[in-house]
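*Asks:* Starting off with a structure, shown below.
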Amino acid sequence: MADKPHTSVKQTKIDKAYTVMLITIGIASFLIVFSLISSKVLLSQFGYQGRVITAKQAAVNQLKSDITSSNQLITSYKNFVNTPVNILGSPVTGSGQNNGNNAKIILDALPSQYDFPGLITSLDHLLSNQGYALTGLSGTDDELSQQTNSSSTNPVSVQMPFTISASGTYGYIQQLISTLQLSIRPIVIQSVTLGGSESNLTAEISAYTFYQPAKTFTIGSEIVR
């Protein structure tokens, strides 16, 4: 019976040491796990910041390149516009169909908005000035469906078909077709239907020209992940 208190004290010390060891192991395990998680987060943040810095540098380089290109474009545009004679060989001043600076000529050749009545008026003006008396100048006005096609980030040209009817001699009809090629707008003749005699021909000319919606420029943002 005398040994029991001694054994109890020894066991108590062992239990305390075991408890301290468990606590120490727990704290060490927590610190190791915390360190691993923290290291992973720090590495992830480091990688993310590196990608952000790379993307920002690429954006800065692109901006510098765009500024250089913009300055070159402005210089080229001024040289293109500020000429006494336009690309058609006509003076930039005056009220004739071929007068105007090069920018006006280009916009007239390929307008950015659909305007079928304006096209018919332009053709009638061109042919009337050359002395042609037409029996018909028509086409289908597709303005309603083209209203949604006013601009695009990647615009393409859109056909605008029309029909010209005229009568006269063979030479008259032949000259009429040649006169169409004088238009500032590109005209593609699809077909020419002739009838009557050589001295009194009737002709129906099916053709089309173009317009091209304006190009839109957008500045977007990029999410770096």
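*Asks:* Which of the residues belonging to the stretch 171-183 are modelled with pLDDT under 85 and either in contact with a strand residue (DSSP E or B) (Cβ under 6 Å, 6 or more places away or on another chain) or not polar (S, T, N, Q) (or both)?
*Replies:* 182
*Asks:* Could you tell me which residue of the stretch 89-109 is modelled with the lowest pLDDT, considering only residues that are surrounded by fewer than 15 Cβ atoms within 10 Å (Cβ to Cβ) and under 24 Å from residue 210 (Cβ atoms)?
*Replies:* Among those residues, the one meeting the criterion is 96.
*Asks:* Determine if the stretch 189-199 includes at least one residue that is of a type in the set (Asp, Glu) and touching a helix residue (DSSP H, G or I) at 6+ places or on another chain (Cβ under 6 Å).
*Replies:* The answer is yes, given that some residue of the stretch 189-199 is of a type in the set (Asp, Glu) and touching a helix residue (DSSP H, G or I) at 6+ places or on another chain (Cβ under 6 Å).
*Asks:* Return the residue satisfying two criteria in turn: it lies in the stretch 115-133 and is buried (at least 16 other Cβ atoms within 10 Å of the Cβ) and under 17 Å from residue 201 (Cβ atoms), and of such residues it is modelled with the lowest pLDDT.
*Replies:* Here the residue is 132.
*Asks:* Which residue, of 122, 112, is polar (S, T, N, Q) and assigned to a helix (DSSP H, G or I)?
*Replies:* 122
*Asks:* A further question on this structure: Determine whether residue 83 is more than 27 Å from the chain's Cα centre (by Cα), within 30 Å of residue 109 (Cβ to Cβ) and in contact (Cβ under 8 Å) with a residue 12 or more places away in the chain.
*Replies:* Spelling it out, residue 83 is indeed more than 27 Å from the chain's Cα centre (by Cα), within 30 Å of residue 109 (Cβ to Cβ) and in contact (Cβ under 8 Å) with a residue 12 or more places away in the chain.
*Asks:* With respect to the numbered conditions (1) surrounded by 14 or more Cβ atoms within 10 Å (Cβ to Cβ); (2) part of a loop (DSSP other than H, G, I, E, B), which one is the sole condition not fulfilled by residue 154?
*Replies:* The number of the failed condition is (1).
The values are calculated or read from the model by the stated rules, or taken from the named source; none is laboratory data. The shown structure was predicted, so the numbers you read here are calculated from the model rather than taken from an experiment. No Cβ is skipped: glycine too gets one built from the backbone with ideal geometry, and neighbour counts run over all protein chains shown.
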